[in-house]
Amino acid sequence: MKSNHTFRQFTAVVLATGMLSTGIAARADVLFNVNSVADEVDDNTADGNCHTSSNVCTLRAAIMQANHTSIAGVIRIALPAGTYFLTLPIANPSGEADGDLNVLAAAGENRISITGGGAASTIINGNQLDGVLRTDVFSTLDIGGVTIRNGHRRLPFPFGGGIYGAGTLTLTDCIVELNEADDSGGGIYATGMMMLIRTSVRSNIATNGGGLYLSSVMTTIRDSTVYANRANFGGGLINAQRMRLIDATVSGNSANDSGGGVVNTPGAEAFVSNASIVANTADADGMSGGDGGGLLSAYNAAFMMYHTLIAGNGFGGVINAGPDCSGVVVAQARSLFGNLSGCQITNPQNASGITASTVGPLQNNGGATPTHALLPGSEAIDASDDAVGCIDNQLLALPTDQRGASRIAGARCDIGAYEFGAIPPPTDRVFASGFE
């Protein structure tokens, strides 16, 4: 006899009474409690019970149940601390019973939420069999407190080594690391809508877009760090559609060709506010040449910058144009560059210089993700425009820096993702990313 201890359904009685009296179906949320790290399929996706033939609820079984559950609510998957290895070899690349974890458009058009016990202790390991997660175009998935690790996408679908996101995807307090794609998006390949909050994308590899390849309707990266990723083109990330990069850091990424940190492709649109793009490298192999150690933005793309810091980027070998920046950028408010050669600035009166040695190394400066501190005397301190101030994509004042420390700590807010002299609040998220 099957146990139902992994399944609960909650309906607010008062709300349900009101809805039923008007003939409207009540909203209900469902909870599946994963209690095994095994990779086993659900034995009956029609019964509403997360259950395998071994009498446990696995992560794969919970996702399979979520895919087939018809409710107007949130399907919540509670994932306790542990390492969840994917062990079922690919038989059907788009199927849910083997290979990666496939989140489909649920029957009830509901939202699926996976909540881990913290990224340092809750790990989904793709085991190099396939990618780790793949979402359907009509799906909505929220992931919190989880590490996505060790996926590898190969032909015939070499996109998104860690995550291929075609629907609406939100990652909060997560890590995406050590994944690989034979084509694009070593960590994440996104085509739908995506938001990263307090998330690290690190040490991923691809031919294009080592950390991320963004072909999304809209991607927002906030309070997050993209670092130590590698690719032939676009070491940190490639934006091919619309991106918002706010209070975020792109650091230590490398490309064998062009765009060590960020690539903004023809026709793409980027809004970048209080970002730090530091210590990225183009032509990392010293062989093929390349432009844009920190940033490469196409001449027919829109790269709009507010109070952003681009410094200490360069080339691994052949000296080419644009160690920090190559292409066209629009300086909507004051931004700082270490080296302007190769970079065509619209509104050049908003472009000033910064000495790279006044920016500290990438490290734990408090908060959930690593940052570059501003050192005493840095040109970025109190350097924002009085008229504009530090703002987000809705043109609202930024209340905090990337670490969650209050802006403003001095006369004006600082340029880049770090506010000098501000103290981040205590948090249990501090370096859940395991950064050392």
Q: Compute the whole-percent fraction of alpha carbon pairs in the chain spaced more than 28 Å apart.
A: 48
Q.
At a 10 Å Cβ-Cβ cut-off, how would you order Leu31, Leu86, Leu212, fewest neighbours first?
A. Leu31, Leu86, Leu212
Q | Likely footprinting exposure, Asp39, Asp257, fewest C-beta neighbours within 10 Å first | A | Asp39, Asp257
Q.
I want the local charge near Tyr418. Using Cβ-Cβ distances under 12 Å, sum +1 for each Lys or Arg and -1 for each Asp or Glu among the other residues.
A. -3
Q: Just the number, please: percent antiparallel of the DSSP beta bridges in the chain, rounded to the nearest 5.
A: 5
Q: Sort the following peptides by mean Cβ neighbour count (other Cβ atoms within 10 Å, averaged over residues), highest first: 198-205, 371-378, 214-221.
A: 198-205, 214-221, 371-378
Q. What does the charge add up to near Glu40, with Lys and Arg as +1, Asp and Glu as -1, over the other residues with Cβ less than 12 Å from its Cβ?
A. -3
Q: Any chance you could check the Cα centroid distance between region 351-382 and region 257-326 for me, in angstrom?
A: 18
Q. Amide H of Asp385: which non-local residues (sequence gap of 5 or more, or other chain) have their own amide H closer than 5 Å, using H built in the peptide plane?
A. Arg334
Q: Write out the cysteines belonging to the chain for which the nearest other cysteine Cβ is not under 4.7 Å, or none if no such cysteine exists.
A: Cys174
(Q) Out of all DSSP beta bridges in region 7-216, what portion is antiparallel? Express it as a percent rounded to 5. (A) 5
Q: Highest first, please rank the peptides 170-176, 355-361 by the mean number of other Cβ atoms sitting within 10 Å of their residues.
A: 170-176, 355-361
Q. So for Arg407, Arg60, Arg412, fewest C-beta neighbours within 10 Å to most, what's the order?
A. Arg412, Arg407, Arg60
Q) How big is the charge dipole of the chain about its Cα centre, in debye rounded to the nearest 20, if each Lys and Arg gets +1 on its Cβ and each Asp and Glu gets -1 on its Cβ? A) 560
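Where a number appears in this text, it was derived from the coordinates with a stated rule and is not lab data. If you're wondering where the values come from, they're calculated on a predicted model, not measured in any experiment. Cβ atoms come from the backbone with ideal geometry, glycine included; neighbour counts cover every protein chain shown.
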